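Here is the structure we will look at, set down as structure tokens.
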Amino acid sequence: MENNPNADRLDELMRLAARRRLDAVVVFGEANIRSLTGVVCDNGCLLLDVAGGRRVVFYTDFRYVPMVHRVAPWLRVRETRQGVTFMDRLRREGIRPKRLGYESSITAKRYLDLKKRFPKAALVDVNDDLLSKRAVKSVEEITRIAAAAALNDEIWSMAQKEIKPGMTEKAIQRVIQSLMIALGDGEAFETIVCAGANAAECHHVPDDTVWQKGEPLLVDMGVKLDGVCSDMTRNIKAARDVEYAKVYDIVLKANEAAIAAAKPGMTAGALDAVARKLIRKAGYGKAFGHSLGHGVGYEIHEEPCARQKSKTKLEAGMIVTIEPGVYLEGRLGVRIEDLVLITTTGCEVLSHSVK
């Protein structure tokens, strides 16, 4: 596995599979495959042949073989022909596992195909193992995510010079989208733009609502760059609204308190509690209905999830959002979100836009 930047992660998964007495593991998820091999492919099967000398083999069709040779020259590649499923190819090559690891996130059709092709195998879900391995980023992944976060900051700065009251939410969204396409690899998720009271809807879908002068504006945005995501929420505050100013100050304090507390060894649930306790004490506990944050990487939502009572321990190298919010239906909504890297002593904030 020479020249594989994620070789350590792949080795760890292989050792884990051996400890769980798995004869083989098959991985289909695009993000999981990329996190283990660096290969970007939406039609592939990565085989960890634990019982067969710990071989690593990648099965894909004609379209992707040259790319895999270029990106991962260390990886054994097997081409599949039309009408031959990955499972067919595995059986033809003598793979007969008694215990087979798989991702529970696969489609029902693929799961049934696994059952059909390997009727005597005990299928063992390794999805959580894959996600936990992805949660701790490599140095190379951290560098890329930090670059995506920096570009997100730059795009928000540029967008603020173009957007103005009188524009619709959709029009503001298009400004941000066009910048993401021009400067990055597009959106990591569909940009959320909320004018006025629409911000009370956590995941409001931008519509033809016009942003009025003096109204607050909430924007949740993330640009994708070099295969990884970024995520940030910022607000243009209301001009003269006492209640809004009060709520904004509470949410900002909750955001800052969680950032100050974040460190390796604490549970994700304890981190959530730092912000939630402050918001609850201010009398808005019921208006903070979502978790404090989530991991970000090849996908916009990854492990760890900083939700109430989570026992997941934060580790150096994890990247997580800190995004407390207060939502008062029909009146207002405030969410302030930063992307942070858990370090050996605390955390480093990757989002630098003014709050």
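Side notes on the structure shown:
- Boolean, D220 is in contact with a strand residue (DSSP E or B) (Cβ under 8 Å, 6 or more places away or on another chain) and assigned by TED's automatic domain parsing to the domain that holds K164: yes
- In the stretch 1-29, the residues that are in contact (Cβ under 8 Å) with a residue 60 or more places away in the chain, more than 23 Å from G94 (Cβ to Cβ) and either in a helix (DSSP H, G or I) or within 24 Å of the chain's Cα centre (by Cα) (or both): N4, P5, N6, D8, R9, E12, L16, G29
- Of the residues making up the stretch 223-257, those that are within 13 Å of K355 (Cβ to Cβ) and either modelled with pLDDT under 95 or not β-branched (V, I, T) (or both) are M232, R234, N235, K237, Y248, D249, L252, K253, A254, N255, E256.
- Taking every residue in the stretch 299-325 that is over 19 Å from L225 (Cα atoms) and pairing it with any residue that is among the aromatic types (F, W, Y), at least 6 positions away or on another chain, the pairs with Cβ-Cβ distances below 9 Å are P324/F288; G325/F288.
- Screening the stretch 193-234 for residues that are of a type in the set (A, V, I, L, M) and touching a Cys at 6+ places or on another chain (Cβ under 9 Å) and picking the one that is surrounded by the most Cβ atoms within 10 Å (Cβ to Cβ) gives V223.
- Leading residue by the ranking (farthest from C45 (Cα to Cα)) among those in the stretch 97-113 that are in contact (Cβ under 8 Å) with a residue 24 or more places away in the chain and basic (K, R): K98
- In the stretch 279-327, of all residues being small (G, A, S) and in a loop (DSSP other than H, G, I, E, B), the one that is surrounded by the most Cβ atoms within 10 Å (Cβ to Cβ) corresponds to G297.
- Here R96 clears all of (1) of a type in the set (K, R); (2) exposed (fewer than 13 other Cβ atoms within 10 Å of the Cβ); (3) not in a helix (DSSP H, G or I) except the condition numbered (2).
- Restricting the stretch 119-142 to residues that are touching a helix residue (DSSP H, G or I) at 6+ places or on another chain (Cβ under 9 Å) and part of a helix (DSSP H, G or I) leaves a set whose member that is surrounded by the fewest Cβ atoms within 10 Å (Cβ to Cβ) is N127.
- Single condition G297 does not satisfy, out of (1) over 18 Å from A262 (Cβ atoms); (2) within 21 Å of the chain's Cα centre (by Cα): (1)
- Selection count where residues are in contact with a helix residue (DSSP H, G or I) (Cβ under 6 Å, 6 or more places away or on another chain) and not in a helix (DSSP H, G or I), scope the stretch 238-254: 1
The values are calculated or read from the model by the stated rules, or taken from the named source; none is laboratory data. Since we're looking at a predicted model, the values are computed, not measured. Using ideal geometry, Cβ is built from the backbone for each residue, glycine included, and neighbour counts are taken over all protein chains shown.
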